[in-house]
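Accompanying notes for the structure given below.
The values are calculated or read from the model by the stated rules, or taken from the named source; none is laboratory data. Quantities reported herein were computed from a predicted structural model and do not represent experimental measurements. A quick note on method: Cβ atoms are made from the backbone with ideal geometry, for glycine too, and the neighbour counts reach across all protein chains shown. Please note that ligands, DNA and RNA were not included when accessible areas were found on the heavy atoms of the full protein model with its side chains. Shrake-Rupley method; radii C 1.70, N 1.55, O 1.52, S 1.80 Å.
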Amino acid sequence: MPYSPGEVADKTGFSIDTLRYYERIGLLAHIGRTAGGRRAFTDDDVEWLGTLRCLRDTGMPIARMQQYARLTREEDTEAERLRILQEHDDEVGRRIAELQAQREHIRGKIAWYRELAALRG
């Protein structure tokens, strides 16, 4: 059963404008159309948008997403796709470690302020 752009926006959290943009820049390919010319998305399209959401939300640049999307439409590119995802995973891990260190700094400040408040009590 095809989904309308509005239904897909509701399912994925992407705006209709973002769906159009992603189609225009090649992140979404071969989106079907109804007899009236409206976009008609499939379950596979919704699943792919879930992948795009994950990549976007974890900070993958659009150009890298485009490269990955292009490779998914080509045969015998699994090694390149794997490399892209491994590099991205490494970057996500680096950012998580950085955030954890920053969080520890913040927690140290919180503890200091709690001690100060207890002393003034």
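Roughly how many Å² is the accessible area per residue of the chain, as a whole number, for a 1.4 Å probe?
Ligands and nucleic acids excluded, the figure is 70 Å² per residue.
Restricting attention to the alpha-carbon atoms of the chain, what are Rg (one decimal) and Dmax (integer), both in Å?
Rg then Dmax for the chain, in Å: 21.1, 73.
Assuming 0.36 nm per residue, please report the length gained on full extension of the stretch R107 to R70 beyond their Cα-Cα distance.
Roughly 9.0 nm would be gained on extension.
Just grab the label-to-label distance for S15 and V92, each label 7 Å out from Cα along the Cβ direction, in nm (one decimal).
Distance between the two pseudo-spin positions: 2.5 nm.
Search the structure for amide H atoms under 5 Å from the amide H of A40, placed 1.01 Å from N in the peptide plane, and list their residues when 5 or more places away or on another chain.
Amide H neighbours of A40: G32, R33, T34.
For every helix of n ≥ 4 consecutive DSSP H residues, a contribution of -39,500 (n - 2.57) applies; sum these over the chain, divide by its total residues, and give [θ] at 222 nm rounded to the nearest 500 deg cm²/dmol. Before the final figure, lay out the partial values.
On the way: 5 runs with 86 residues, N = 121.
Mean residue ellipticity at 222 nm (helix-derived): -24000 deg cm²/dmol.
Could you tell me what percent of the accessible area of the chain is made up of carbon and sulfur, with a 1.4 Å probe and every protein chain present?
Details: 4390 of 8450 Å².
Summing carbon and sulfur atoms, their accessible area is 52 percent of the total for the chain.
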